1. Output the qualifying pairs, or none if there are none: Cβ atoms under 8 angstrom, residues six or more apart or on different chains, first residue in the range 147-176 and on the phi > 0 side of the Ramachandran plot, second residue modelled with pLDDT of 95 or more and in a loop (DSSP other than H, G, I, E, B).
2. Do the conditions hold for residue 124, that is, is it surrounded by 14 or more Cβ atoms within 10 Å (Cβ to Cβ), over 25 Å from residue 108 (Cα atoms), in contact with a strand residue (DSSP E or B) (Cβ under 6 Å, 6 or more places away or on another chain) and in contact (Cβ under 8 Å) with a residue 40 or more places away in the chain?
3. Given the criterion over 15 Å from the mean Cα position of the chain (by Cα) and either surrounded by 13 or more Cβ atoms within 10 Å (Cβ to Cβ) or modelled with pLDDT of 95 or more (or both), identify the matching residue among 43, 25, 57.
4. Run down 102, 136 and say which single residue is without any contact (Cβ under 8 Å) to a residue 24 or more places away in the chain and under 22 Å from residue 10 (Cα atoms).
C-alpha cells in the first residue's frame, strides 16, 4: 500500500496494491499498523457509514465540533466522486485551504481525513456507493458544516453548479468567514 500525505498535514491518500486474476480483484483498503506508523498515533474506528447517491449529488461540507470531532477513512465502493477536504484547524499552516481527490471503484483509492477538517464530495457517475469509517460516533448536536459554494474557499467541484443536487440543509450552511467568528 502506498500512503501519501497531502498538503493538509495528516490528510492521507491510501493507494492499495491491487491483485487481479481470472477470479476477480483483491485489495486491502487499509492496514491499521501502516496507517498508524505514518500518522504517529493510534486510530480506532467505531462506526461505518454508507451513502448511496445518484449523479450530481453534492454532500458537504460537513464536520463535527468539539468532543464529537471525527477522523474518517473514506472510499468509493461503486462509481466515482470528487472528494474535497477543507482544513479548519486554526493553528494549521493550511487553515482554510482545501484539497480535491478523485475516488472511484477503478482507482480504489481511500482518503484518511483527520479531526478538524470539513469533508464533502460530488458524485460523477450514475450511482455512487460511498463508505466512511469514523473514529467517533455521530452526534447530531455537534454536527456542523460550511457552505459548499463559498467564494472564499474557491472550490471547483468539477461539475456544473447549476446541475448539482444539494440538500436544503447543506444550502443553508454558514460561510467560512462566519465559521471563524
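The values are calculated or read from the model by the stated rules, or taken from the named source; none is laboratory data. Because the structure is predicted, anything quoted here is derived from the model rather than measured. All Cβ positions, even for glycine, are placed from backbone atoms using ideal geometry, and neighbour counts span all protein chains on display.
1. 158/124
2. On the way: surrounded by 14 or more Cβ atoms within 10 Å (Cβ to Cβ): yes; over 25 Å from residue 108 (Cα atoms): no; in contact with a strand residue (DSSP E or B) (Cβ under 6 Å, 6 or more places away or on another chain): yes; in contact (Cβ under 8 Å) with a residue 40 or more places away in the chain: yes.
Taking the combined requirement at face value, the residue does not satisfy it.
3. Working: 25 fails: either surrounded by 13 or more Cβ atoms within 10 Å (Cβ to Cβ) or modelled with pLDDT of 95 or more (or both); 57 fails: over 15 Å from the mean Cα position of the chain (by Cα).
Only one candidate qualifies: 43.
4. Numbers: 136 fails: without any contact (Cβ under 8 Å) to a residue 24 or more places away in the chain.
Sole residue among the options that is without any contact (Cβ under 8 Å) to a residue 24 or more places away in the chain and under 22 Å from residue 10 (Cα atoms): 102.
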